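The values are calculated or read from the model by the stated rules, or taken from the named source; none is laboratory data. These figures come from a predicted structure and were not determined experimentally. When we count neighbours, we look across all protein chains shown, and the Cβ atoms used for this are built from the backbone with ideal geometry, even at glycine.
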Amino acid sequence: LNASQDKRIKEKFISIIKNSRDICLREIAVLQLSHVGGQKIIPLFRNLYFELTPEETKLKRYIIFALGNLIKYRQANQALIEIARQEKDPHLLKNIIFSRRRSKNKEAVKFLEEIINR
C-alpha cells in the first residue's frame with residue numbers, strides 16, 4: 001500500500017501533530033506528513049504554525065522546512081509568505097527565506113525584495 005494514498009496514515013500523523021505531548025514525535029510527524037500529505041496538507045501546516053506558542057520554535061522550524069519541501073505548490077509559497085510577514089523571530093525568518101530558495105515563483109522574488117527593503 002502506498003503511504004501517500006493511505007488516508008489512515010495521514011490521519012495518524014495529523015493526530016500526532018495536534019495531540020502528542022512528545023515534541024520529538026510531533027516533529028517527525030510533520031516531516032513525514034510533508035512527504036505523504038501532498039498539496040492538501042499545506043493549509044494544515046499554515047494553520048498549525050499560527051496556533052503554536054513562542055516556546056514551540058523548533059516545531060515551527062519543522063513546519064517551515066515541511067512547507068519548503070512542498071515549495072513546488074503555489075499554496076506553499078503563499079503560506080510561507082504569509083508566515084514570514086507575521087513572524088517576528090529573525091531566526092525563523094531566515095529559515096523561511098532559506099526554504100524558499102528553490103522557488104522560481106514571481107511571488108517569491110517579490111517577497112525577497114520586500115524583505116531586503118525592510
Pair list, Cβ under 8 Å, 6 or more apart: region 81-102 residue without any contact (Cβ under 8 Å) to a residue 40 or more places away in the chain and within 13 Å of PHE50 (Cα to Cα), other residue crowded, with 16+ Cβ neighbours inside 10 Å and of a type in the set (Ser, Thr, Tyr): ILE83/TYR49
Among the residues listed as TYR62, TYR49, the single one being surrounded by 18 or more Cβ atoms within 10 Å (Cβ to Cβ), closer than 25 Å to LYS110 by Cβ and aromatic (Phe, Trp, Tyr): TYR49
Which numbered condition ARG21 fails, given (1) in a helix (DSSP H, G or I); (2) at pLDDT 90 or above: (1)
The one condition in (1) in contact (Cβ under 8 Å) with a residue 12 or more places away in the chain; (2) in a helix (DSSP H, G or I); (3) under 12 Å from the mean Cα position of the chain (by Cα) that ASN47 fails to fulfil: (1)
